[in-house]
Amino acid sequence: MADLSKAKKDPLQQLWDVVGDVHAGMLGVEESGQHMQPMAPFIEKESNSIWFYSRDDSDLVKAVRTGERAHFCVISKDHDYHACLAGQIDEVESPEHVDKYWSPMVAAWFEGGKDDPQLTMLRLRLDDVAIWASSNSTLRFGWEMAKANLTGKEPDIGYHTQISLPH
């Protein structure tokens with residue numbers, strides 16, 4: 001469940017916690033004309049970056065090679081936290097990052113293992129993040145709806161913020 005007080009006090013740390021806990025989000029390159037596609041994120045907090053394994057012949061990598069910006073959207077497992085992360089995306093040859101995040105799950109996608117000639121890494125350097133955190137408590141939701149109808153005030157069922165990040 002999204003902790004609304006943490007969302008207000010330390011939204012960036014909560015973002016890293018949520019992104020680190022999801023198996024996949026949706027990644028798309030701006031102005032590519034392509035649909036977003038599911039990709040597994042590997043976070044690097046110290047550089048405000050998210051890394052992805054991909055194949056160098058994929059449509060996504062071809063779109064990235066044009067030097068575009070991208071968006072990566074995630075929804076928490078409890079469906080009470082949504083975030084859209086944006087920044088510059090690029091293809092990076094980084095054996096260090098291939099090793100750093102390698103796992104049996106990643107290996108399943110690359111026949112040649114870490115040395116697969118089509119393996120490439122994508123790096124999304126975040127500069128803008130939008131976050132929506134809400135309570136998934138049915139009781140709280142009902143209470144806030146009833147209170148809003150009685151008082152005429154907007155229900156307090158969530159928190160939204162936008163964060164600009166340095167590279």
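The values are calculated or read from the model by the stated rules, or taken from the named source; none is laboratory data. As the structure is a computational prediction, the values presented were derived from the model and not from experiment. Using ideal geometry, Cβ is built from the backbone for each residue, glycine included, and neighbour counts are taken over all protein chains shown.
Yes or no, residue by residue, for (1) of a type in the set (A, V, I, L, M, F, W, C); (2) at pLDDT 95 or above; (3) not in a strand (DSSP E or B):
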{"position": "F72", "(1), (2), (3)": "yes, yes, no"}
{"position": "H79", "(1), (2), (3)": "no, no, yes"}
{"position": "L85", "(1), (2), (3)": "yes, yes, no"}
{"position": "K100", "(1), (2), (3)": "no, yes, yes"}
{"position": "E111", "(1), (2), (3)": "no, no, yes"}
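Are there any pairs with C-beta distances below 7 angstrom linking a residue in region 99-124 that is over 21 Å from K45 (Cα atoms) to a residue that is surrounded by fewer than 12 Cβ atoms within 10 Å (Cβ to Cβ) and small (G, A, S), with the two at least 6 apart or on different chains, and if so which?
Correct list of pairs: A107/G113.
Out of the residues in region 1-23 that are among the small types (G, A, S) and part of a helix (DSSP H, G or I), which is modelled with the highest pLDDT?
Once the filter is applied, the top-ranked residue is G20.
Just checking, which of A108, A63, A148, A133 is in contact with a helix residue (DSSP H, G or I) (Cβ under 6 Å, 6 or more places away or on another chain) and among the aliphatic types (A, V, I, L, M)?
After ruling out the rest, the residue left standing is A133.
Does any residue of region 1-21 turn out to be closer than 27 Å to E111 by Cβ and touching a Phe, Trp or Tyr at 6+ places or on another chain (Cβ under 6 Å)?
There is no residue in region 1-21 that is closer than 27 Å to E111 by Cβ and touching a Phe, Trp or Tyr at 6+ places or on another chain (Cβ under 6 Å).
Across region 24-38, which residue is surrounded by the fewest Cβ atoms within 10 Å (Cβ to Cβ) among those that are in a strand (DSSP E or B) and among the hydrophobic types (A, V, I, L, M, F, W, C)?
Step by step, filter region 24-38, then rank; the result is M26.
Hey, among S164, S135, S103, S49, which residue is more than 23 Å from K6 (Cβ to Cβ) and either of a type in the set (G, A, S) or under 16 Å from the mean Cα position of the chain (by Cα) (or both)?
On inspection, the qualifying residue turns out to be S103.
Within region 5-23, take every residue that is touching a helix residue (DSSP H, G or I) at 6+ places or on another chain (Cβ under 6 Å) and surrounded by 15 or more Cβ atoms within 10 Å (Cβ to Cβ) and give me the one that is farthest from G87 (Cα to Cα).
Residue satisfying both the conditions and the ranking: A7.
Which pairs turn up if I take residues in region 11-31 that are at positive phi and look for partners that are surrounded by fewer than 19 Cβ atoms within 10 Å (Cβ to Cβ) and modelled with pLDDT of 95 or more with beta carbon separation below 7 Å, at least 6 apart in sequence or on another chain?
Hits for this filter: zero, empty list.
How many residues, within region 130-147, are at pLDDT 75 or above and assigned to a helix (DSSP H, G or I)?
2
Only residues that are surrounded by fewer than 17 Cβ atoms within 10 Å (Cβ to Cβ) and either at positive phi or of a type in the set (S, T, N, Q) (or both): list them for region 43-83, please.
S47, S58, T66, G67, H79
Looking only at region 39-69, how many residues end up being part of a strand (DSSP E or B) and basic (K, R)?
2
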